[in-house]
Amino acid sequence: MSERDVERALERLLFEQSGMSRRRFLGRSGAAALGLTALGSALAGCSIEGEAANQVNAKKQVTVNHPKASMAGLTWANWPLYIDKKTLKAFNRQHGVKVKYVEEINDNFEFFGKVRQQLATGRPIGRDIVTLTDYMAARWVRDGYCEPLDKKNIPNIKNLVSNLKSINYDPNRTYTLPWQSGGTGIGYNPKKTGRRLESVNDLFDPAFKGRVTMLQEPYDSACLVLLGMGVDASTAKIDEILKAIDKIQQAKDAGQIRRFTGNDYTTDLAKGNVWVSVAYSGDLVQLQADNPDLEFIYPKEGAMLFTDNMMMPKHAAHLYGAETLMNYYYEPEVAAKVAAYVNYISPVAGAKEVLLKTDPEIANNPLIFPPDDVRARLHAYPALTPAEERQMQSAMAQVTGA
Amino acid sequence: MLRLSLKTRRSLLPYLFLGPGLLWLIVFYAIPLVNQAGVSLMTGNPEDGYTLQWHFGTYTTAISDYSTQFLRSILYAGIATILDLIIAFPLAYFIAYKAGRWKNFMLLMVVLPFFVSYVLRTVSWQLILNDNGWVVHRFQDIGILGADGRLLATTTAVIAGITYNFLPFMALPLYVSLEKIDRRLIEAASDLYASRTTAFRKVTLPLALPGIFAGSLLTFIPACGDFINAALLGTPNQYMIGNVIQSKFLNILDYPTAAALSFILMSGILVGIFIYARVLGTKSLTEAAV
């Protein structure tokens, strides 16, 4: 039988013998589809849950008790290249587990966008530790998206450096524990620029037209530009931030700024496509290994200080395990290994002392352990209301074209 | 157990056959589509949530705010599709008619890039078009680029990226339709004193139309929604509508605008396809689908 015949036979079987014409058959499935569409619209009628529903007052003292439990399946979401994996292996050996370490956070907002629906509807997100930057950590704390820490399981919390013991969105560190801090300043290639830079406003030097990148994140870029305008970014009002975004817009329109990037500015900078970047201190230490010409400066007007925080998402399955892991990373010896590898600013007191013995070059690197005069110039992110934050984000999105 | 008559069973049979496919379409296509249509009519903000208000204004604002990116997407995707056609037609023609025993090898070469991730392929273009790279230097030597000219982070780079990434989508349908052509028809044309160009114009090309049609659709539609090339090879001045939708969904969490933009893009493309189908003749639309 040829293909055609099979088709014919099938058609006869389907339509003629059942007494149903092809037209009627199609009509019926049309009706079925319509019914389902109606069902679908009922579905769409549900609203999308907001974040404000379970807001939490972070100032309130909370005591929780997380008894010893199995750590099998402990999962940690972190940024790429943000840990010395040997330390993780040592932890695995020590506790006979295998921590699932996922380098999946490339952008705070993108990650939040991914897990937001589950958090808003009160479902677990399958990660026990997430590592988020201050402004995003603030949002999670405020919205009640994280579990309070049982500090009995984290005795090493005593090693937390004093200037981070309290932060505006989590004054008692009830929910968050710093992972690493870093400075947002300027990374550049003196060979290309032909001169040393020292000011934020060098970003706008017409000699570098088309050779400048900025970070997409307004908390970084706009706040840094704001410092260059002589405004203290940590107490800045939304109007001032919008002015800084305006300034960035003009620079973009003039062709001064080549791209707005996430962490990927590093490729362009190392390759020499870009000469000047708004950059993170730790990235530059790592890039210098590939391209020794590169330099990082904390501009004379100041730089932004960010901290990435470990936190346990609401309904996380392995609270005890997460806390044990946090405790492990607050041992000065372990923290020193991480600092030596990631080259960011360690929040663990005693790490520098360990490194002075093992790796004095790193211990004396001002990018990793900034001296006091630099520390005085580091500014925390401004505290914005959710509405203001949205205003800032969408103003910046207009500039970056997305 | 319920015993159904033969007749009832026969009448249920077609639904049984359709079942899996229909279920798939409903669960993964119809429901999400309707759901997103609902989302596009919601109002609110990420803080307080979004509720369905039948707010059609989102569409008009979306169009007026992002018309540049829409037009840019269509322009870039259009140019890339035409370039792909120009590159892929001779390629497919060669593979189908002249490659001989190299045919399978050449087809493999066309498909080979698919073995590497899309993002990775695009990132490698960052290296190729590097400011200090070979390509830029040679272009500067011949004078196409000025001394401080660049390729990376320009419109050229984005269109080149799209053209490269979607080339197999054009080449394969073209190859299939060219391969299918009965050679005797071309022989008959020359028997009837048609020159080689006339035979090509009157026989090969019309018979290859379904392939051209399918290839252009397969290239143009995904290229319109692409955001990888613009993000990796371009600047905000090259951002396409896909970049806007991506950032609205994931970064700004403005779901209604993102959904509205997606629907506008979808309906725009649908209208475009129908016009295109009319121009080429609807027959080739169904042929291309087979």
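The values are calculated or read from the model by the stated rules, or taken from the named source; none is laboratory data. Computed from a prediction, not measured in an experiment: that's the story for all the values here. As a convention, Cβ positions derive from the backbone with ideal geometry for all residues, glycine included, and neighbour counts pool all protein chains shown.
Of note:
- Looking only at residues of segment A:164-185 that are outside any strand (DSSP E or B), within 29 Å of residue A:296 (Cβ to Cβ) and not hydroxyl-bearing (Ser, Thr, Tyr), we find that the one that is farthest from the chain's Cα centre (by Cα) is A:165.
- Residues of segment A:47-95 satisfying the condition of being hydroxyl-bearing (Ser, Thr, Tyr) and within 14 Å of chain B (Cβ to nearest Cβ): A:47
- Among the candidates A:53, A:58, the residue that is modelled with pLDDT under 95, surrounded by 13 or more Cβ atoms within 10 Å (Cβ to Cβ), of a type in the set (A, V, I, L, M, F, W, C) and part of a loop (DSSP other than H, G, I, E, B) is uniquely A:58.
- Some residue of segment B:203-215 being farther than 30 Å from residue B:122 by Cα and over 23 Å from the mean Cα position of the chain (by Cα): yes
- Screening segment A:367-402 for residues that are surrounded by fewer than 19 Cβ atoms within 10 Å (Cβ to Cβ) and acidic (Asp, Glu) and picking the one that is farthest from residue A:303 (Cα to Cα) gives A:388.
- Some residue of segment A:257-271 being without any contact (Cβ under 8 Å) to a residue 24 or more places away in the chain and among the aliphatic types (A, V, I, L, M): no
- Exclusive hit being assigned to a strand (DSSP E or B) and more than 8 Å from chain A (Cβ to nearest Cβ), set B:60, B:43: B:43
Residues checked against (1) among the basic types (Lys, Arg); (2) closer than 30 Å to residue A:346 by Cβ:
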residue	(1), (2)
A:183	no, yes
A:198	no, yes
A:201	no, no
A:205	no, no
A:217	no, yes
A:222	no, yes
A:232	no, yes
A:237	yes, no
A:241	no, yes
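- Of all residues in segment A:304-321, those satisfying the criterion of being farther than 28 Å from residue A:256 by Cα and in a strand (DSSP E or B) are A:307, A:308, A:309, A:310, A:311, A:312, A:313.
- Residue match in segment A:206-219 (condition: of a type in the set (A, V, I, L, M, F, W, C), touching a helix residue (DSSP H, G or I) at 6+ places or on another chain (Cβ under 9 Å) and within 11 Å of chain B (Cβ to nearest Cβ)): yes
- Per-region count, segment B:32-54, residues over 30 Å from residue A:140 (Cβ atoms) and at pLDDT 90 or above: 3
- In the condition set (1) at negative phi; (2) within 12 Å of chain A (Cβ to nearest Cβ), residue B:54 is compliant with all but (1).
- Options B:262, B:216; residue that is surrounded by 22 or more Cβ atoms within 10 Å (Cβ to Cβ), hydroxyl-bearing (Ser, Thr, Tyr) and under 22 Å from residue B:87 (Cβ atoms): B:216
- Residue match in segment A:333-343 (condition: charged (D, E, K, R), assigned by TED's automatic domain parsing to the domain that holds residue A:128, without any contact (Cβ under 8 Å) to a residue 40 or more places away in the chain and in contact with a helix residue (DSSP H, G or I) (Cβ under 7 Å, 6 or more places away or on another chain)): yes
- One residue alone among B:51, B:68 is without any contact (Cβ under 8 Å) to a residue 12 or more places away in the chain, within 24 Å of residue B:269 (Cα to Cα) and surrounded by 13 or more Cβ atoms within 10 Å (Cβ to Cβ), and that residue is B:68.
- In segment A:197-237, residue farthest from residue A:393 (Cα to Cα) [restricted to those that are exposed (fewer than 15 other Cβ atoms within 10 Å of the Cβ) and in contact with a strand residue (DSSP E or B) (Cβ under 8 Å, 6 or more places away or on another chain)]: A:198
- Within segment A:62-90, the set of residues being part of a helix (DSSP H, G or I) and within 30 Å of residue A:264 (Cβ to Cβ) comprises A:85, A:86, A:87, A:88, A:89.
- All conditions in (1) modelled with pLDDT of 95 or more; (2) of a type in the set (A, V, I, L, M, F, W, C); (3) out of contact with any Ser or Thr (no Cβ under 9 Å at 6 or more places or on another chain); (4) not in a helix (DSSP H, G or I) hold for residue A:384, with the sole exception of (1).
- Pairs are defined by a Cβ separation below 6 Å, a sequence spacing of at least 6 or placement on different chains, a first member in segment A:346-366 that is without any contact (Cβ under 8 Å) to a residue 40 or more places away in the chain, and a second member that is part of a helix (DSSP H, G or I) and among the basic types (Lys, Arg); the pairs so defined are A:363/A:352.
- Any hit, segment B:15-33, residues being within 12 Å of chain A (Cβ to nearest Cβ), in contact (Cβ under 8 Å) with a residue 60 or more places away in the chain and surrounded by 12 or more Cβ atoms within 10 Å (Cβ to Cβ): no
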